[in-house]
Amino acid sequence: MSIENLIKRAEDKNTRKLKNFENKSKNIKVGIMGGTFDPIHYAHLATAEFIRDRYKLDKILFIPSGTPPHKSQSITNKFDRYNMVNIATENNDHFLVLDLEIKRNKKTYTIDTLKDLKKTYKNIEIYFITGADAICDIETWKDVEENFKLATFIAATRPGISLLKVQEKIASLKVKYNANIIDVYVPSLDISSTYIRNQLKENHSVRYLVPENVENYIKYKMLYRYGE
């Protein structure tokens, strides 16, 4: 199948999933997976599925960022990143992709996304999934207190992160903001987007690190200097 047909198939499938979601969007629990996804990989998908299952979430909404405020380095074109997320999540009916951040022609903040979701889907219960390291820096985010009012935060801890430091920070945030934060250890894969980009730049294999069709998309688009 050509890459163009692959993109269209994934987009069409996601559109159908979103329509079904919109028809059933009242009184459901939704997990939010935001990020640059540059590129999306199996650890992202495994984390989302683990948390969906653990907390009995009805859906996981993947929301690729447009122009994230905390990323100083250059990132891949937002539409390429969106396409890769669509392709990666195509075969899981619990995973949906929203383009609301990539449509913004300005820096994208979590608070704006949460407000948009609450406005569009009136009675959803939002669980915002983020890394435990991000929770430790969350007070640098825009309108941090309002974020906590709109969502329950799930801080995913992985190997290499100080659990004691995270738990102390969460306890502090709960007192200061009356925040609802859950910390969970995710037995995920030790994969990062940075590692994958470096592998590709050095012309090494990323097979079994990203879904096969995502790798095919990267090859076709020659992203991350693939093959140079």
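The values are calculated or read from the model by the stated rules, or taken from the named source; none is laboratory data. Because the structure is predicted, anything quoted here is derived from the model rather than measured. Note that we place each Cβ from the backbone using ideal geometry, even for glycine, and neighbour counts take in every protein chain shown.
Some points to look at:
- Number of the condition not met by Pro211 [criteria: (1) closer than 30 Å to Lys29 by Cα; (2) at pLDDT below 90]: (2)
- Residues of the range 67-80 classified as touching a Gly at 6+ places or on another chain (Cβ under 9 Å) and at pLDDT 90 or above, total: 1
- Residues of the range 170-228 classified as surrounded by 14 or more Cβ atoms within 10 Å (Cβ to Cβ), small (Gly, Ala, Ser) and without any contact (Cβ under 8 Å) to a residue 40 or more places away in the chain, total: 1
- From the list Asn91, Asn86, Asn5, Asn23, the lone residue that is without any contact (Cβ under 8 Å) to a residue 40 or more places away in the chain, touching a Lys or Arg at 6+ places or on another chain (Cβ under 9 Å) and polar (S, T, N, Q) is Asn91.
- Listing of helices (runs of 4 or more DSSP H) fully contained in the range 142-211 that carry 1 or more residues being farther than 30 Å from Ile7 by Cβ and either among the hydroxyl-bearing types (Ser, Thr, Tyr) or touching a strand residue (DSSP E or B) at 6+ places or on another chain (Cβ under 7 Å) (or both): 144-150, 163-177
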